[in-house]
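In what follows, a single structure is set out as structure tokens and then discussed.
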Amino acid sequence: MSGAPLPAGRRVAIVHEWLIGHAGSERVVDALLAIFPEADLFALVCAMPGELPERYRGRPVRTSFLQRWTGGRESFRSFLPIFPEAVESFDLRAYDLVISSSHCVAKGARTRRPDQLHLTYCHTPVRYAWDLQEAYLADSGFGSLKRAAARIGLARLRRWDRRTADRTDLYLTNSRFVGERVARYYGRSSVVIPPPVDTETFRPMSEERKGFISVSRFVPYKRVPLIVDAFRQMPELELTVVGDGPDRARCHAAAQGATNIRFVGHAPSGELPRLLSGAQAFVFAALEDFGIAPLEAQACGTPVIAYGAGGALETVIEGETGTFFDAQTPESIIAAVRRFLAAPPPREAACRQQAERFAIPVFRERIAEVIARAWDERPTPDTTRHEGVA
């Protein structure tokens, strides 16, 4: 589109849950800041490792009271029960447009003027309060009393999450899969705008492809131990595992001394495209809301072997850029790898073309158009919505 999404002089606030790293949700924030370079940025806490990234230098990050509390930056997740109060503490009255980048509570930010427009880019309704609650509790290590208390706290969070669903004028979702959950939990429709993929950094860089690769945070829902176990049972095939996290022990235990599996920890950003480009296929076992990693692999010309559910169904083309397996089990992964090896390999060009459909300029163009249209078509808001009255 040509021109800015808003008339000159309009003030914009971007509200994000926390800035502690640079995953998919932070890339959406980056793209929003590129569209609105003068926007003010809000986050419950900001605890970027080391020096702030270049994109945030010279830009104050307005944080909540959690930032000032002892341990708030290092162990802020322990304050989950008061996240709603923290996001509601932001004073957003000075802004004409508020964009919340939400995977937990950001969508509940209060706007208090009836002429403000509030858009939410919903990465997911808060997982551990809705569809992943049981998995969250099972992996928490809590005893029976703590688990009972956690259930009460999560029930309270769900009630708040549903009650504040109408503080947003328009929901944008990263996939149809998430859009269906927004409709189910919040009773709201949404516009699907997939998140941006860095197709400049991630590109084919190797002429030789050997072995398989998994790139993921080591957290339970990513199911990395399943991939490791599957390749332990296929000793003739090499697997490189990139990543780290709290599920590290289980990931390493699943290898059980296998010599065909290599753990490399976190890969520097410049090294990851080379690793992806040198693999025969990228293996992905998570049920993801969207999942940028499979598209980064495809941007490198690398096909994907993925669990056939959730966001992967919207990013991988069966038979053209990858292969699906139908159960989160080592046996299902093994069968999919065997099918992949028996079929003609997907073309590098087809994988690359699929990734380019999600490139950063495509995202910026689409979301700028939607924001401009929402601004032009905005109705006079209902004051009670913006006061958060249930």
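Just to be sure, is Val219 buried (at least 19 other Cβ atoms within 10 Å of the Cβ) and under 30 Å from Gly270 (Cβ atoms)? Please lay out each step first, then the result.
On the way: buried (at least 19 other Cβ atoms within 10 Å of the Cβ): no; under 30 Å from Gly270 (Cβ atoms): yes.
So Val219 does not fit the description; no.
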Selected residue (criterion: surrounded by the fewest Cβ atoms within 10 Å (Cβ to Cβ)) from residues of the range 21-49 that are more than 14 Å from Pro195 (Cα to Cα) and in contact with a Phe, Trp or Tyr (Cβ under 7 Å, 6 or more places away or on another chain): Val45
Odd one out for Arg373 among (1) at pLDDT below 95; (2) surrounded by 16 or more Cβ atoms within 10 Å (Cβ to Cβ); (3) part of a helix (DSSP H, G or I): (2)
Members of the range 318-339 that are of a type in the set (A, V, I, L, M, F, W, C) and not in a strand (DSSP E or B): Ala327, Ile333, Ile334, Ala335, Ala336, Val337
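Let me confirm something: among Val182, Val191, which residue is over 24 Å from His22 (Cα atoms), in a strand (DSSP E or B) and not hydroxyl-bearing (Ser, Thr, Tyr)?
Numbers: Val182 fails: in a strand (DSSP E or B).
Of Val182, Val191, the one residue that is over 24 Å from His22 (Cα atoms), in a strand (DSSP E or B) and not hydroxyl-bearing (Ser, Thr, Tyr) is Val191.
Among the residues of the range 162-175 satisfying the criterion of being over 17 Å from Leu97 (Cα atoms) and in contact with a helix residue (DSSP H, G or I) (Cβ under 6 Å, 6 or more places away or on another chain), which is surrounded by the fewest Cβ atoms within 10 Å (Cβ to Cβ)? Full working, then the answer.
Pass one, the range 162-175, residues over 17 Å from Leu97 (Cα atoms): 162-165, 173-175.
Next cut, in contact with a helix residue (DSSP H, G or I) (Cβ under 6 Å, 6 or more places away or on another chain) only: 164-165, 173, 175.
Working: Thr164: 21, Ala165: 18, Thr173: 27, Ser175: 25.
Among those that are over 17 Å from Leu97 (Cα atoms) and in contact with a helix residue (DSSP H, G or I) (Cβ under 6 Å, 6 or more places away or on another chain), it is Ala165.
Which ranges mark the strands (runs of 3 or more DSSP E) fully within the range 1-110 that have 1 or more residues being aliphatic (A, V, I, L, M) and either modelled with pLDDT of 90 or more or touching a helix residue (DSSP H, G or I) at 6+ places or on another chain (Cβ under 6 Å) (or both)?
On the way: elements: 12-19, 40-46, 61-63, 97-102.
Passing ranges, in order: 12-19, 40-46, 97-102.
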Subset of the range 226-247 [loosely packed, with under 15 Cβ neighbours inside 10 Å and under 26 Å from the mean Cα position of the chain (by Cα)]: Gly245, Pro246
The range 249-271: number of residues that are at pLDDT 95 or above and within 22 Å of the chain's Cα centre (by Cα): 1
Pairs with Cβ under 7 Å, 6+ apart, first in the range 340-365 and outside any helix (DSSP H, G or I), second surrounded by fewer than 17 Cβ atoms within 10 Å (Cβ to Cβ): Pro346/Glu320
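The values are calculated or read from the model by the stated rules, or taken from the named source; none is laboratory data. The structure presented is a predicted model; accordingly, all values stated were derived computationally and were not measured. Neighbour counts are summed over all protein chains in view; Cβ atoms, including those assigned to glycine, are modelled from backbone coordinates with ideal geometry.
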